Amino acid sequence: MPVLLCDLDDTLFDHQYATRAALARLQAVDTRLQNWPLEDLKSRHHILLEQYHQEVLAGRLTIDQARERRFQSLVGGGDATGLAEAYRDAYTLDWQEVAGAADLLRAVRAAGLSVVIVTNNIVAEQRKKLDRLGFAGLVDELVTSEEVGSQKPDPRIFTEALERVGANASDAVMLGDAWIADVTGAQASGIRPVWLNRHGTPSPDPTVTELRALTPTHEVVRTLLLSGAAGL
């Protein structure tokens, strides 16, 4: 069965947009966040987010605990509970799809492919995103690192995704924005990757098929189909 494996955060869901918007809202009202320009604040936050997210994936922290520790580290100690809660509220105000995501999912399914989301996150958080953005009815399976017990680029999560829809690696193409997690993870699993490079980062391997956007839909679908194995 031909299948599109697809990352969620910053591939279909615009996590970077929601994060930047939330930080901007908080920076405007909290002097502890006004020591840096917004882009510097965003960079510092991203480093801490990645660090504490690994603790969440390992089951050592809840998402709420990780968020509080992240902001505690960001502001240099003290009680950051209110700031962490304000960030979460602000973050969820600005959830939106990466431009063209819903149209792409519809077109891929119309072309006869199953769609499986493969994501390094917890089930509840990712289901919220799928529901809020109207993606839930456009995907066949959601495979998370929380359920599988391994995260991209570990081949086990890709194997689980394929098994969910009865597909072989040769029948699949993986679309994602993270080079290590999505591209090298897919390659290690025998799956053809397509790298979503919205910010024009130099490619570590020019032989890997690259997209700069999810639009125009017909061109993206054509790229995904051509990038898959002969069975696609």
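The values are calculated or read from the model by the stated rules, or taken from the named source; none is laboratory data. Every value quoted in this text rests on a predicted model; they were computed, and no experiment measured them. No Cβ is skipped: glycine too gets one built from the backbone with ideal geometry, and neighbour counts run over all protein chains shown. Note: areas computed on protein heavy atoms with side chains; ligands, DNA, RNA excluded. Shrake-Rupley method; radii C 1.70, N 1.55, O 1.52, S 1.80 Å.
Some notes on this structure:
- Qualifying residue in segment 50-73 (condition: among the aromatic types (F, W, Y), assigned to a helix (DSSP H, G or I) and in contact with a helix residue (DSSP H, G or I) (Cβ under 9 Å, 6 or more places away or on another chain)): yes
- Of all residues in segment 117-146, those that are over 19 Å from I63 (Cβ atoms) have Cβ atoms under 6 Å from Cβ atoms of residues that are polar (S, T, N, Q) and buried (at least 19 other Cβ atoms within 10 Å of the Cβ), 6 or more apart or on another chain, in D140/S114.
- Verdict on A172 being touching a strand residue (DSSP E or B) at 6+ places or on another chain (Cβ under 9 Å) and either within 25 Å of T215 (Cβ to Cβ) or open to solvent by 10 Å² or more (accessible area, probe 1.4 Å) (or both): yes
- Filtered residues of segment 183-219 (kept if over 23 Å from I157 (Cβ atoms), part of a loop (DSSP other than H, G, I, E, B) and either open to solvent by less than 30 Å² (accessible area, probe 1.4 Å) or of a type in the set (V, I, T) (or both)): T201, T207, T215
- Looking at G176, G190, G185, G166, just one residue is modelled with pLDDT of 95 or more, of a type outside the set (V, I, T), out of contact with any helix residue (DSSP H, G or I) (no Cβ under 9 Å at 6 or more places or on another chain) and within 26 Å of A111 (Cα to Cα), and that residue is G166.
- Residue check, R156 assigned to a helix (DSSP H, G or I) and in contact with a helix residue (DSSP H, G or I) (Cβ under 7 Å, 6 or more places away or on another chain): yes
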